[in-house]
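*Asks:* A single structure is presented below for examination.
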Ligand SMILES: Cc1cc2nc3c(=O)[nH]c(=O)nc-3n(C[C@H](O)[C@H](O)[C@H](O)COP(=O)(O)OP(=O)(O)OC[C@H]3O[C@@H](n4cnc5c(N)ncnc54)[C@H](O)[C@@H]3O)c2cc1C
Ligand SMILES: Cc1cc2nc3c(=O)[nH]c(=O)nc-3n(C[C@H](O)[C@H](O)[C@H](O)COP(=O)(O)OP(=O)(O)OC[C@H]3O[C@@H](n4cnc5c(N)ncnc54)[C@H](O)[C@@H]3O)c2cc1C
Ligand SMILES: NC(=O)c1ccc[n+]([C@@H]2O[C@H](COP(=O)([O-])OP(=O)(O)OC[C@H]3O[C@@H](n4cnc5c(N)ncnc54)[C@H](OP(=O)(O)O)[C@@H]3O)[C@@H](O)[C@H]2O)c1
Ligand SMILES: NC(=O)c1ccc[n+]([C@@H]2O[C@H](COP(=O)([O-])OP(=O)(O)OC[C@H]3O[C@@H](n4cnc5c(N)ncnc54)[C@H](OP(=O)(O)O)[C@@H]3O)[C@@H](O)[C@H]2O)c1
């Protein structure tokens, strides 16, 4: 069995990995030495809110992309840990769409229960991962951020859970260099109140565009214009939010769109998604992919085809999140523990191909949900991750899609059934569109 | 003679280095192979304005710290290239405090004249510099940003001119996590018009604090409160700008200061300076220093004491800029060309010590100016950098200090005498405090 396992990142994925090993040990298994490197001062990844933007106190890119007043955009009954329910954590039933602080509390609650913190070296960044063919070990160059000193450590396995919603994709448009206002990517968005009274232009038509448009309006923006490249989101937006075709250029503060229309804007928000940034991994081990539901070169979505001792968690686009990371972590753990043997490379490659071929043929969000649920089922069947009602989560997601169509400001007021406990979530005491306070204290009141 | 020289960065320092070699060749010398790596798409370093903030299109930290409507804060008669005067470049006399675009044009004008661009690989970042003791060469890991591919190249000499005003120093204060508005470092400041009508809090009391306070007011801020740690700047500020002791904490949008006073603010601007960030240099070659007029471990301000084939340009705090970079570049060039021999290490260390001891004893800005002028003289005496009236530049700087005391909004209206041509600068057609247009076209009108 392996002697040393490196886990890179202590976000939901990295924490799931550490947790999975401790669960095995709790059930009597011998587990390898675990070392988790986390560049932030605290755990929970994106859920660890920071006011910082751009570069942090060490001159390193800020990881955080979450903003104030961020509420879960999917029902919590689609991401509930099968071995640590919301009911267990909060001691009571809570509504389906919690604000960030509540999910932070939940994620870290499970980690505290298993005393996971002991494995994590905080304010420590992994700078380079390479593989030594002769020694058959990985070498990690690791930096202690406080003093900038680096050291090299050797590991038998590496599991990367560094997320992929932190390095912004920042396109440019004609006239940006002269635009007389703020231009920012959603990665740097923090507080909607900054834009109260302003006319905002939002570029993009996915989750960030949707949520930041709504939030800006909720906290006082005058108008929000959303400009799309491929297709509008098409929701019934509240007054003051409107979708228009793609931005062509700016002249001063006038935005000109593909349909010939134009509008005066005060600030521009690029909700144009993120890049997978694994520039701390040597090229032969580095995942390169767009934001898709099944990436190239990762068997079972986890194992690097060129060297399966190199593993990645959570590198897919995400309907499912915490449960997905859990089953991936369980699978990685069982491989490390020797409980699972991987097939020959050609077979792994064929399996990836089959999934990616199916991916290419998906027609809509409903098929995408089933696809990702099937990926979870594909892993879950081989590991001892506790039972939960996966089919109910499919239904929950599909109901959620319909709820959003019905009311984009009202979908977060709906309640869902837990796939773990079978109980129904209560309604929140205040409709989301009216609720300006996102604190845990108010939410749990 | 050396075969290969790497120049890292094509800002004013890197361009000075390339130019110095070409000047030697123009005068008949054999010069080594020169390769300059520049991570931006264009040259001139900080003077190459970008609307981008945070991370760039490659996920790399944005280098640019300059903002719209930035005018030179020192007289151009203190930074004039001795071998390429303003009169030569513009074909006429121009005022003493040009806006950014004009200085960009001037810097790149000299570089174009000598066809320097041929040596530069743009959108190419140096990721790691190490020294191989056995081969006695430097190895540079270099990344082509467009496709993220890396390669290793060998060089006999490395000259680093990557600047030190791009990685922000970002302190935190109690209450930042809850402050309901934008918090940014001056590195991310771009357009003052964003803050029109707002009450701004500026932290810091040096050049950025001074200039951004004035500029924000000029473009419509309601009030600007400047909070200082060590001492106020003490200028006669225009109405609406005020200096107060250090910020203690924020409660909501109320800023509380060390003198017990408090104020409502809409946005917070950290003008708290920069860090030398040379995290692409192996530790044994890495300069670590605060922003000072003479750094540790650099002989003549240029040569790395532990290995003088590793050189740094422009790593000092700066009264002098372009002329300083020029004489440093000339000195580095002559060392590479074998025209200058460096003394034994102990002698170099003693020389550094002597300068740093003198530095410790400096009483005020006037003595600092003389100190840096003496450093320039110390280098200039050994190289063939063209003659210019260095003593006149000392006088110019001292006059400039007095002008700022007399009128912080009016000092940029004064004219100075060129240390190269002896002619006097004309007045600008519009007082700076009234001039909202910073374009080259308007300036040269
Ligand atoms: C704006 C936004 C809102 C979201 N909202 C939701 C939501 O409502 N519900 C939901 O389920 N999901 C949401 N997500 C999706 C989110 O991706 C997941 O919930 C989850 O955070 C992913 O976990 P992760 O551990 O894979 O990555 P992350 O949470 O990104 O954590 C990665 C960790 O790795 C660390 N790290 C990175 N590089 C290094 C390095 N070189 N060395 C050491 N440490 C490193 C980081 O500091 C970080 O702590 C949202 C994402 C964004 C961007
Ligand atoms: C806001 C601001 C205003 C200023 N105003 C003035 C002024 O009015 N007058 C004045 O004289 N000076 C001013 N300065 C001072 C400025 O430092 C100098 O004028 C000058 O730009 C320094 O030149 P440099 O080449 O040393 O560094 P920079 O101008 O910073 O150039 C460094 C170059 O190195 C490149 N680089 C960095 N890292 C890498 C890497 N790893 N690989 C490849 N390339 C890399 C960068 O992209 C950049 O092009 C100002 C500075 C700031 C921050
Ligand atoms: N809890 C919440 O409320 C919340 C809020 C925000 C985000 N999130 C999460 O954050 C993650 C990321 O979501 P995201 O919306 O930031 O990224 P995303 O889903 O990858 O979407 C990126 C969007 O940017 C557009 N785009 C990219 N390049 C463009 C260009 N050059 N010009 C115009 N448009 C361009 C894309 O358009 P095309 O469609 O044309 O490709 C797409 O609409 C998701 O997991 C999401 O669930 C959650
Ligand atoms: N052309 C222009 O008009 C222009 C405009 C801006 C900048 N510049 C140039 O840019 C360069 C950088 O100038 P800069 O002003 O950004 O940096 P700087 O000169 O290094 O000054 C940093 C300031 O931040 C303060 N500070 C640092 N940490 C702090 C903390 N924790 N709390 C409170 N205050 C803190 C320092 O205070 P202490 O004094 O207490 O240490 C100092 O006043 C200079 O070369 C300058 O010429 C030029």
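The values are calculated or read from the model by the stated rules, or taken from the named source; none is laboratory data. Not measured: the values here are computed from a predicted model. For neighbour counting, all protein chains shown are included, and Cβ atoms are generated from backbone atoms with ideal geometry for every residue, glycine included.
*Asks:* So residue B:408 clears everything in (1) over 18 Å from residue B:98 (Cβ atoms); (2) in contact (Cβ under 8 Å) with a residue 60 or more places away in the chain; (3) surrounded by fewer than 21 Cβ atoms within 10 Å (Cβ to Cβ) except one condition, right? Which one?
*Replies:* The number of the failed condition is (3).
*Asks:* Quick check on this structure: which one of A:317, A:326 is in contact (Cβ under 8 Å) with a residue 12 or more places away in the chain, within 16 Å of ligand 1 (Cβ to nearest atom) and in a loop (DSSP other than H, G, I, E, B)? So that I can check it myself, show each step before the final result.
*Replies:* Values: A:326 fails: in a loop (DSSP other than H, G, I, E, B).
The match here is A:317.
*Asks:* Quick one: would you say residue B:321 is more than 12 Å from the chain's Cα centre (by Cα) and either within 16 Å of ligand 4 (Cβ to nearest atom) or outside the structural domain of residue B:346 (by TED's automatic domain parsing) (or both)?
*Replies:* So residue B:321 fails the test.
*Asks:* Can you tell me which residues in the stretch B:257-314 are over 23 Å from the mean Cα position of the chain (by Cα) and within 16 Å of ligand 4 (Cβ to nearest atom)?
*Replies:* Within the stretch B:257-314, B:257, B:258, B:259, B:265, B:268 meet the criteria.
*Asks:* Among the residues of the stretch A:47-71, how many are more than 11 Å from every other protein chain (Cβ to nearest Cβ) and not in a loop (DSSP other than H, G, I, E, B)?
*Replies:* Number of matching residues: 2.
*Asks:* Here are the criteria: (1) in contact (Cβ under 8 Å) with a residue 24 or more places away in the chain; (2) under 30 Å from residue A:5 (Cα atoms). Tell me which single one residue A:68 does not satisfy.
*Replies:* So the condition that residue A:68 fails would be (2).
*Asks:* Answer yes or no: is there a residue in the stretch A:7-15 that is surrounded by fewer than 21 Cβ atoms within 10 Å (Cβ to Cβ) and either within 16 Å of ligand 2 (Cβ to nearest atom) or under 17 Å from residue A:143 (Cβ atoms) (or both). Show your work before the answer.
*Replies:* Quick first cut of the stretch A:7-15, residues surrounded by fewer than 21 Cβ atoms within 10 Å (Cβ to Cβ) only: none.
No, there is no match, as no residue in the stretch A:7-15 is surrounded by fewer than 21 Cβ atoms within 10 Å (Cβ to Cβ) and either within 16 Å of ligand 2 (Cβ to nearest atom) or under 17 Å from residue A:143 (Cβ atoms) (or both).
*Asks:* Anything in the stretch B:425-445 that is touching a residue at least 60 places away in the same chain (Cβ under 8 Å) and either buried (at least 19 other Cβ atoms within 10 Å of the Cβ) or in contact with a strand residue (DSSP E or B) (Cβ under 9 Å, 6 or more places away or on another chain) (or both)? List them, or say none.
*Replies:* B:425, B:428, B:432, B:438, B:439, B:440, B:443 - these are the residues of the stretch B:425-445 that are touching a residue at least 60 places away in the same chain (Cβ under 8 Å) and either buried (at least 19 other Cβ atoms within 10 Å of the Cβ) or in contact with a strand residue (DSSP E or B) (Cβ under 9 Å, 6 or more places away or on another chain) (or both).
*Asks:* Could you tell me how many of the residues in the stretch B:12-44 are in contact with a helix residue (DSSP H, G or I) (Cβ under 8 Å, 6 or more places away or on another chain) and part of a helix (DSSP H, G or I)?
*Replies:* The total comes to 12.
*Asks:* Just the residues that are more than 14 Å from chain A (Cβ to nearest Cβ) and farther than 17 Å from residue B:195 by Cβ, please, taken from the stretch B:256-281.
*Replies:* B:256, B:257, B:258, B:259, B:260, B:261, B:262
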